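Colleague: Before anything else, here's the structure in question.
The values are calculated or read from the model by the stated rules, or taken from the named source; none is laboratory data. What you see is a predicted model, and the numbers here were worked out from it, not measured in a lab. Note that each Cβ is placed from the backbone with ideal geometry, even for glycine, and that neighbours are counted across all protein chains shown. These area figures cover heavy atoms from the full protein model, side chains too; ligands, DNA and RNA do not enter into them. Shrake-Rupley method; radii C 1.70, N 1.55, O 1.52, S 1.80 Å.
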Amino acid sequence: MTTTCDQPVQQASPRDHADWLALARTTAAGPAVDDPDGRHAGRPQPRGAEALRRAGLLALPIPARHGGGGACWRTAYQVLREVAALNTDIGLLLGHHYLLSWTPALLGAEEACERVWPRAVAGGWLLGGAPDPRETALTLAPGPRGGLLLDGATAIAPGAALADRLALGATRAGTGEPLMVLVDPAGPGVVRAGDGEVRFSGAAVSEDDVIGRPGARAGTAPLMAPAIQMVFAQLYIGIAEGALNAARAHAVARSRPWPLGQARRNGGDAYLSGAYGGLLAQVRAARALADQAVEELSPALHGADGAGPSGQGCGAPAVLVATAKIAAVQASLAVASRVFELAGPGSARSNPGLARFWHYARALHDPVAYRQTEVGREFLTGELPPERNAPP
């Protein structure tokens, strides 16, 4: 299947696919980014977030008619992969932001996009939080002067501490209706506690800040789960590619090859060449599978008009996304572990810094056994994964 960037011609992207990828690499590797080698994984990186904002990467998937970059999800996913290879903390931050930016299209009515996207672009918003409308720890009650008041506590990812707006799931008091809302983290009634917890006590939420109601668009909410899984697949592949690039630079820079290798230079060592060749094949296979999954998923995310998701079922793309996620996890864990052996003594030092890739691969790792079960069940019985209305 061939997928074009899903914006109409009159809303053409200000950059083409290759330009966006080049911009992503330049931004993630630039001197303005905190900890460019990611040694302090999990630490909020305010300068990195600001670099993404200045580069225009935050608005990349928002349609051009709303002031955004007008890029398709194929581009957005590959941008995540490029950023993650250089700085996975920033890649994770950007991945969450892209998903949350698309929440009005997945969970909101058409007018939610019209309200939220222009504000997000004009304000240069970085969104953080969690794209899960099933959250029951937060409740919304009518305010005495109109609008809604948010109460409760929830945990957010470390990078979300940098967000200009938090996108959170909450339930309407009395009816239990699940909603996705935007909250200003600097507003009254919002307190950041320890361990990434945020507490809300009468935090104001206007009706304009309600960005999603599951079921507002028939059949689109189940797209959220595979869209999230594909973000993590790209992050895993980026980790693996970053580890290989760092290990290659270390191997080429070594002045003395292994004594038993009987080679004049490291590049000519048959053991090293064979080992890296095997790892590279595994990573390239995962990358190709992820690209194929994006080709299947992207049209559903954009919809026929290029502005919002379609209501078509996502069972078949979900199987392919699960398969790609399995391959990406296996590749990242294999590469991040094996490069220590291949790089030899000193490989865990800050230069070449291979430890950060192992840390990333392990810190992000979630069991793929359930994905394997879904893929195997479809293979044996033809049963597609259930269409989830929120992340599993």
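Colleague: All but one of (1) out of contact with any helix residue (DSSP H, G or I) (no Cβ under 8 Å at 6 or more places or on another chain); (2) under 17 Å from HIS97 (Cβ atoms); (3) open to solvent by less than 10 Å² (accessible area, probe 1.4 Å) hold for LEU179, so report the exception by its number.
Modeller: Against the list (1) out of contact with any helix residue (DSSP H, G or I) (no Cβ under 8 Å at 6 or more places or on another chain); (2) under 17 Å from HIS97 (Cβ atoms); (3) open to solvent by less than 10 Å² (accessible area, probe 1.4 Å), LEU179 comes up short only on (2).
Colleague: Moving on to the next point. Within the range 275-320, which residues are at pLDDT 60 or above and either open to solvent by 50 Å² or more (accessible area, probe 1.4 Å) or outside any helix (DSSP H, G or I) (or both)?
Modeller: Correct list: LEU280, ALA281, GLN282, ARG284, ALA285, ARG287, ALA288, GLN292, GLU296, GLY303, CYS314, ALA316.
Colleague: Exactly one condition in (1) of a type in the set (A, V, I, L, M, F, W, C); (2) within 15 Å of ARG213 (Cα to Cα); (3) out of contact with any Pro (no Cβ under 8 Å at 6 or more places or on another chain) is not met by ALA155; state its number.
Modeller: Result: ALA155 passes all but (2).
Colleague: Can you say whether PRO133 is buried (at least 24 other Cβ atoms within 10 Å of the Cβ), at pLDDT below 95 and not in a strand (DSSP E or B), as far as the supplied structure shows?
Modeller: Details: buried (at least 24 other Cβ atoms within 10 Å of the Cβ): yes; at pLDDT below 95: yes; not in a strand (DSSP E or B): yes.
Yes.
Colleague: To continue, here is another question. Within the range 135-168, count every residue that is basic (Lys, Arg) and touching a residue at least 12 places away in the same chain (Cβ under 8 Å).
Modeller: Looking only at that region, the number is 1.
Colleague: What strands (runs of 3 or more DSSP E), lying completely within the range 147-197, carry at least 3 residues that are over 19 Å from PRO46 (Cβ atoms)?
Modeller: Fully inside the range 147-197 and qualifying: 148-155, 165-172, 178-183.
Colleague: Between a residue in the range 355-382 that is open to solvent by less than 90 Å² (accessible area, probe 1.4 Å) and any residue that is part of a loop (DSSP other than H, G, I, E, B) and basic (Lys, Arg), which pairs come within a Cβ distance under 7 Å, given they are 6 or more apart or on different chains?
Modeller: ARG356/ARG39
Colleague: Among GLY187, GLY174, GLY202, which is more than 28 Å from LEU364 (Cβ to Cβ), free of Cβ contacts under 8 Å to residues at least 40 places away in the same chain and open to solvent by less than 50 Å² (accessible area, probe 1.4 Å)?
Modeller: Result: GLY187 is the single residue among GLY187, GLY174, GLY202 that is more than 28 Å from LEU364 (Cβ to Cβ), free of Cβ contacts under 8 Å to residues at least 40 places away in the same chain and open to solvent by less than 50 Å² (accessible area, probe 1.4 Å).
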